[in-house]
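The values are calculated or read from the model by the stated rules, or taken from the named source; none is laboratory data. What you see is a predicted model, and the numbers here were worked out from it, not measured in a lab. Here the Cβ positions follow ideal geometry from the backbone for every residue, glycine too, while neighbour counts run over all protein chains shown. What goes into the accessible areas is simple: the full protein's heavy atoms, side chains included, and nothing from ligands, DNA or RNA. Shrake-Rupley method; radii C 1.70, N 1.55, O 1.52, S 1.80 Å.
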Amino acid sequence: SCCYLSRRLNQLSSHDPLWKRHCKKYWLISEEEKSQRNQTWKAIFISTYSDLGRYIRYYATLKKAWDDLEKYLGQRCPRMIGSLKESVREEDLDAVEAQIGCKLPDDYRCSFRIHNGQKLVVPGLMGSMALSNHYRSEDLLDIDTAAGGFQQRPGLKQCLPLTFCIHTGLSQYMALESVEGRNKYEIFYQCPDQMARNPSAIDMFITGTSYLEWFTSYVNKVVTGGYPIIRDQIFRYVHDKECVATTGDITVSVSTSFLPELSSVHPPHYFFTYRIRIEMSKDALPEKACQLDSRYWRITNAKGDVEEVQGPGVVGEFPIISPGRVYEYTSCTTFSTTSGYMEGYYTFHCLYYKDKFFNVTIPRFHMVCPTFKVSTARMVSGDAVVLVLDFIFFNDEPNHNEYAVDEDEDSTDTDEYEDRRRVLDIPAPSGRCPRHT
């Protein structure tokens, strides 16, 4: 616009260093890339804007997130990089909008102009979780597979799946319209109301308010080391830096995770896993080597009800800890309230002085259910009732169980799935842990 006002402004608006700033700010164009293109900064900006101009608010943020994620995974999970698909074209996204009859948000479209999700493989880009009898690994769906799973049925009207786990059938959905109590572009796990007679009564565990916020916050957790990498997979355990306790030469730290696929709002049943790391300082004397004999837990739910659990070993094992050695294991617990905490201690005996016993503190760690919304179409005793959104239920007492994670059991990779539309219609699993039956 400036170049048409006067000759001087025309000269200034063609001054290439001014366009360099915009190319780097909005399109993340490097000096090296400019050299390869053999164009002026102004020409690069205009050509890029003609293709991606509608995404100028989002492109730099999402491109940086993708670049950071690829760099991080390239060093730690290289086979996951190979599952990523190339970008899609504008006309491909327009065709999907025509197919589903809904507009896709620009931040979602922008991300798929960079990468078209990933193949249906294991491990999934959006994180894994494993217990001895339960495994989840979520793929970021490509645009065609997502469109094939677009929902119009009551309870999930106008919802587009973003992720999918081929083991559990679990998906995260994005609401494309503000219907059935959802906010537009809200992202959630579905949670069928098991106490309602109406099959469209579906509660929601909220995971994001927009695609941009959902995706970039996840990537930030990954690239900053917030999620551990285990067997070339991203495990979505969250570690509180204050959740560490040291007793003598032994340090215990804990990270936790909420499992929506094994949880339900009605009935109230919230499933959490926790990963415990026990480490002896490498500077400890050799005679400090010891073996874990038993554990004691004190479990408190949101109502203040307390349960105590005591038993031999941990997950059926009696690990030996010596200087510099680390022992990790995964276990789980359930609450009938939306939050709770655990604390306790391990009892060890010295290997050099077998009659010497001592306790090692387990730090208090809290588990909190993510924000959820309850169904607006719940049926009770044959009568329809409308529940207030975000109403939280508290009753019953916690149930505590421990299981080891089987980290040596590899999952089979698969590059394709025969009928993607059918796969995405797999019913959600029960809200109860299979080991609780």
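Among 1-11, 266-276, how do they line up from the highest to the lowest mean number of other beta-carbon atoms within 10 Å? Write out the running numbers ahead of the final one.
On the way: 1-11: 9.9, 266-276: 21.4.
Taking the mean over residues of other Cβ atoms within 10 Å, the ranking is 266-276, 1-11.
Using label points projected 7 Å from each Cα along Cα→Cβ, tell me how many nm separate Asp106 and Arg153, to one decimal.
3.5
When the dipole is taken about the Cα centre of the range 58-220, and only Lys, Arg (+1) and Asp, Glu (-1) are charged at their Cβ, what size is it in debye, to the nearest 20? Provide the component values of the computation, followed by the final result.
On the way: 17 positive and 21 negative charges, 75 e Å.
So the dipole magnitude of the range 58-220 works out to roughly 360 debye.
How many percent of the accessible area of the chain is carbon or sulfur, using a 1.4 Å probe? Can you show the working numbers first?
On the way: 9880 of 20360 Å².
Here carbon and sulfur together make up 49 percent of the probe-accessible area.
Please report, in whole Å, how far the alpha carbons of the range 7-55 spread along each principal axis, starting with the longest.
Projected onto its principal axes, the Cα set of the range 7-55 covers 30, 26, 16 Å.
For Thr247, what accessible surface area do you get with a 1.4 Å probe? Give it in Å², rounded to 10.
Ignoring ligands and nucleic acids, Thr247 comes out at about 40 Å².
Calculate the spin-label point distance for Arg231 paired with Thr247, positioning each point 7 Å from the Cα along the beta-carbon direction, and give it in nanometres.
It works out to 3.0 nm between the two label points.
State the answer as a single residue: which of Leu52, Gly74, Gly208 lies farthest towards the positive end of the charge dipole of the chain, with beta carbon charges of +1 for Lys and Arg and -1 for Asp and Glu, about the Cα centre.
Leu52
Order the following by accessible area, largest value first: Tyr59, Tyr211. Probe radius 1.4 Å; ligands, DNA and RNA are ignored. Numbers along the way, then the final one.
On the way: Tyr59 30, Tyr211 0 Å².
Final ranking, largest accessible area leading: Tyr59, Tyr211.
Using the Cα atoms as the points, what is the convex hull volume per residue of the range 58-220 in Å³? Walk me through the numbers before you get to the answer.
Details: hull volume 18.5 nm³, N = 163.
Value for the range 58-220: 114 Å³ per residue.
Apply the Karplus curve 6.51 cos²θ - 1.76 cosθ + 1.60, θ = phi - 60°, to the phi angles in the range 339-355 and return the couplings in whole Hz, x for Gly and Pro.
Each residue of the range 339-355 in turn: 8, x, 8, 10, 7, x, 7, 9, 9, 10, 10, 6, 6, 7, 10, 4, 8 Hz.
What is the Å³ per residue value for the convex hull set by the Cα atoms of the range 237-377?
Details: hull volume 15.8 nm³, N = 141.
In the range 237-377, the Cα hull volume divided by residue count equals 112 Å³.
In sequence order, what are the phi-derived ³J(HN,Hα) couplings for the range 279-286 according to the Karplus relation 6.51 cos²θ - 1.76 cosθ + 1.60 with θ = phi - 60°, rounded to whole Hz, with x for glycine and proline?
Using θ = phi - 60°, the values come out as 9, 9, 4, 5, 8, 5, 6, x Hz.
Under a straight-distance cross-link criterion of Cα-Cα below 22 Å, which lysines are reachable from Lys64, leaving out those fewer than 8 residues away in the same chain?
Counting by Cα, and skipping residues close in sequence, Lys64 has these lysines nearby: Lys20, Lys24, Lys25, Lys34, Lys42, Lys85, Lys119, Lys221.
For Lys157, go through the lysines and keep the ones whose alpha-carbon is under 21 Å away, minus same-chain ones fewer than eight residues off.
Hits, sequence-local ones excluded: Lys103, Lys184, Lys373.
Would you please give the FRET efficiency between Asn198 and Tyr4, computed as 1/(1 + (r/R0)^6) with r the Cβ-Cβ distance and R0 = 41 Å, to the nearest 0.05? Numbers along the way, then the final one.
Values: r = 62 Å, r/R0 = 1.50.
Between Asn198 and Tyr4 the formula returns 0.10.
Quick check on the chain: helices-only [θ] at 222 nm, where DSSP H runs of length 4 and up contribute -39,500 (n - 2.57) each and the sum goes over total residues. Nearest 500, please. All intermediate terms of the calculation are to be shown ahead of the outcome.
Numbers: 11 runs with 103 residues, N = 437.
The helix-only estimate for the chain comes to -7000 deg cm²/dmol at 222 nm.
Where nothing but the Cβ of Lys and Arg (+1) and of Asp and Glu (-1) is charged, how large is the charge dipole of the chain around its Cα centre, in debye to the nearest 20? Don't skip to the answer; put the middle values down first.
Numbers: 50 positive and 58 negative charges, 340 e Å.
Rounded to the nearest 20 debye, it is 1640 debye.
Once Lys and Arg get +1 and Asp and Glu get -1 on their Cβ, which of Asn10, Phe112, Leu125 lies farthest toward the positive end of the dipole of the chain?
Value computed over the given set: Asn10.
Please name which of Ile166, Tyr341, Pro228 has its Cα lying farthest along the dipole of the chain towards the positive end, using unit charges on Cβ (Lys, Arg +1; Asp, Glu -1) and the Cα centre as origin.
Comparing the listed Cα positions along the dipole, Pro228 ranks first.
Calculate the length of the line joining the C-alpha centroid of the range 1-79 to that of the range 286-364, in whole Å.
If we compute the Cα centre of each part, the gap is 54 Å.
Give me, ordered by chain and number, the residues 5 or more places off Glu177 or on other chains with an amide H under 5 Å from its own placed amide H.
Here Tyr185 satisfy the definition.
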